[in-house]
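Working notes for the structure below.
What follows draws every value from the coordinates through simple rules; no lab data is involved. Fair warning: this is a prediction, and the values are worked out from it, not measured in the lab. Note that we place each Cβ from the backbone using ideal geometry, even for glycine, and neighbour counts take in every protein chain shown.
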Amino acid sequence: MKLFYTPIHLFAHKTLITAHEAGVWDRIEPVAVYPFRAGYDITALNPLNKVPTLTLDDGRALYGSQAIVEYLDSLARGGRSLYPALGPARWDALRRLALADIMFEATTQLTTDDDYSEAPRPKFINWLWPKVKRCVATMNADTATEHTFDIGDAATIHALTYLDVCVPKYVPEPVPRDYNWRVGNADLEAWFDEAVQRPSVQFHFQQEYDGDDSAENCAAKVQEVLALR
């Protein structure tokens with residue numbers, strides 16, 4: 001399998017966490033993709049031209065991180081499933097997964113807004129930023145429910161570490177320059193500090209990418225996948 005993803009390891013990737021928890025990381029070949037740089041086009045594999053994209057050994061592609069993590073979890077070998085059995089615990093894990101993913105998408109839209117519009121768009125920013133803050137507040141409240149580490153937790157780590165990377169450096173000016181999600185969310189901060197110590201997080205979180213991240217390598221790996229079809 002090949003995982004096409006952006007190797008920004010200043011934040012913790014949900015997909016990588018899941019692969020390690022499932023015990024299948026050694027079956028995955030990572031391929032670096034930088035969507036906003038020339039030469040990193042994976043449209044032939046994913047019509048959305050988005051990461052992450054996981055390609056299987058027969059050339060088929062899965063895209064959308066929620067589909068990818070569920071597939072990787074289904075392969076759990078010597079690891080443990082991050083998806084609770086059917087029942088209240090599962091629905092709560094999926095709810096928290098959705099919450100974190102939507103927060104991540106909102107943060108991404110805020111940080112890339114100037115790539116699409118030269119002029120500030122206050123209505124756009126005022127629509128998205130409150131969503132991010134409400135998500136953080138809900139995550140803080142969710143720490144009161146005890147449960148085994150699950151897919152919702154992996155997604156929460158992903159969303160919070162990405163928020164740390166983006167604020168204040170990459171978000172539009174109306175977002176407070178001094179925003180820190182930890183302020184007023186002591187329970188979430190305590191949970192986060194413990195959760196990021198998991199081996200599935202530590203192997204890549206805040207680590208330099210070790211591999212060929214050139215556009216040429218990305219293009220070559222796309223062709224390798226296409227040759228399997």
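Between ASN217 and ALA85, what FRET efficiency comes out of the Förster formula 1/(1 + (r/R0)^6) with R0 = 41 Å and r the beta carbon distance, rounded to 0.05?
0.50
How far apart, in nanometres, would the label points at GLU105 and ASN126 be if each is projected 7 angstrom from Cα along the Cα-to-Cβ direction?
2.4
Taking 0.36 nm per residue of separation and subtracting the Cα-Cα distance, what length does fully extending ALA137 through ALA186 add?
Between ALA137 and ALA186, full extension yields an extra 16.6 nm.
If the chain between LEU228 and LEU75 were fully stretched, how many nm would it gain, using 0.36 nm times the residue separation less the Cα-Cα distance?
53.0 nm
Given the DSSP H assignment, sum -39500 (n - 2.57) over each helix run of at least 4 residues in the chain and divide by its residue total; what's the result at 222 nm in deg cm²/dmol, nearest 500?
It comes out at -15000 deg cm²/dmol, rounded to the nearest 500.
Considering the zone a paramagnetic label at ILE8 would reach in this model (a point 7 Å from Cα along the Cα-to-Cβ line), which residues of the stretch 15-29 have amide N under 15 Å from it?
The answer is 15, whose backbone nitrogens lie closer than 15 Å to the label point.
Find how much the distance from GLU173 to ASP210 grows on full extension, using 0.36 nm per residue of separation minus their present alpha carbon separation; answer in nm with one decimal.
Extra length from GLU173 to ASP210 when fully extended: 10.0 nm.
Enumerate the lysines that LYS14 could reach by cross-link, defined here as Cα to Cα under 21 Å, with residues fewer than 8 away along the same chain left out.
Filter leaves LYS2, LYS50, LYS131, LYS133.
Convex hull over the Cα atoms of the stretch 88-229, averaged projected area in nm²?
Average of the hull's projected areas for the stretch 88-229 equals 11.8 nm².
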